[in-house]
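Since the structure comes first, as structure tokens, the remarks are kept for the end.
The values are calculated or read from the model by the stated rules, or taken from the named source; none is laboratory data. In this text, all values refer to a predicted model and were calculated from it rather than measured experimentally. As a convention, Cβ positions derive from the backbone with ideal geometry for all residues, glycine included, and neighbour counts pool all protein chains shown.
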Amino acid sequence: MEGAAPGPEALADSDRAVEYARLVGDEYIELHARLTRGWLTADAGGVDDGLAEMYAVRERAEKLHLMNLLGRVSVNLPSSLEAMGRSLEAVGAADHGIEICHSHGLADSGAWVYANQAQSLFSLGHWDQSEAAAASATRLALGQKGKGGGRPPPHRTRRGTREPGRGGRPARPGPQALRAPRPAAPASDRPGPPRHGAGRVAG
């Protein structure tokens with residue numbers, strides 16, 4: 001059912017994914033699994049703990065220069081914050097993500113981040129800034145489309161946009177007028193984490 005909170009099986013799956021990755025000593029997979037666990041925890045009601053884990057993953061990904069993971073967390077953290085009603089904090093997280101995407105050449109992820117930021121700015125009533133962010137998302141998305149790369153575009157639900165195949169029920173969408181062409185999801189620099197049941201964690 002659209003908008004339903006994740007069940008206990010999804011959270012248990014995400015815990016197991018983290019533990020399995022630790023057992024085999026693969027921190028890359030562990031961080032992807034922790035990011036998924038973070039949004040699941042927040043969406044299930046453990047907002048502070050879930051968001052704290054997502055911030056911790058971002059910090060670790062920056063330290064290790066994990067480009068694919070940086071792109072993913074730059075998209076998903078603002079989306080989760082907006083879903084939790086923290087629009088102002090979501091704008092700040094998006095600013096951070098935009099800086100990361102610009103500095104590392106992650107144009108496709110950057111388009112996603114701008115799109116999420118446009119939604120949060122609209123929620124705050126900052127119409128001109130929201131329109132500008134949507135225009136930036138459009139520009140980057142069209143630039144990536146012209147290069148012919150990327151996976152199929154994301155689906156949107158009443159709770160917004162997340163990259164497909166990277167786990168996460170989306171945050172709320174902005175108004176129809178602000179919807180930009182949907183950018184392709186970031187390409188993986190390594191295979192992503194395995195699928196885990198009801199949590200819709202995909203590789």
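A few notes on this one:
- Test result for ASP95, touching a Pro at 6+ places or on another chain (Cβ under 6 Å) and within 30 Å of GLN129 (Cα to Cα): no
- Residues in region 99-122 that are crowded, with 19+ Cβ neighbours inside 10 Å, under 20 Å from ARG86 (Cβ atoms) and either touching a residue at least 40 places away in the same chain (Cβ under 8 Å) or out of contact with any Gly (no Cβ under 6 Å at 6 or more places or on another chain) (or both): ILE100, TRP112, TYR114, ALA115, ASN116, GLN117, ALA118, GLN119, SER120, LEU121, PHE122.
- Selection count where residues are among the hydrophobic types (A, V, I, L, M, F, W, C), surrounded by fewer than 21 Cβ atoms within 10 Å (Cβ to Cβ) and closer than 24 Å to CYS101 by Cβ, scope region 37-61: 2
- For LEU140, the conditions (1) buried (at least 19 other Cβ atoms within 10 Å of the Cβ); (2) modelled with pLDDT of 95 or more are fulfilled apart from (2).
- When we screen LEU51, LEU64, LEU77 for residues that are over 22 Å from HIS104 (Cβ atoms), touching a helix residue (DSSP H, G or I) at 6+ places or on another chain (Cβ under 9 Å) and not charged (D, E, K, R), the only hit is LEU51.
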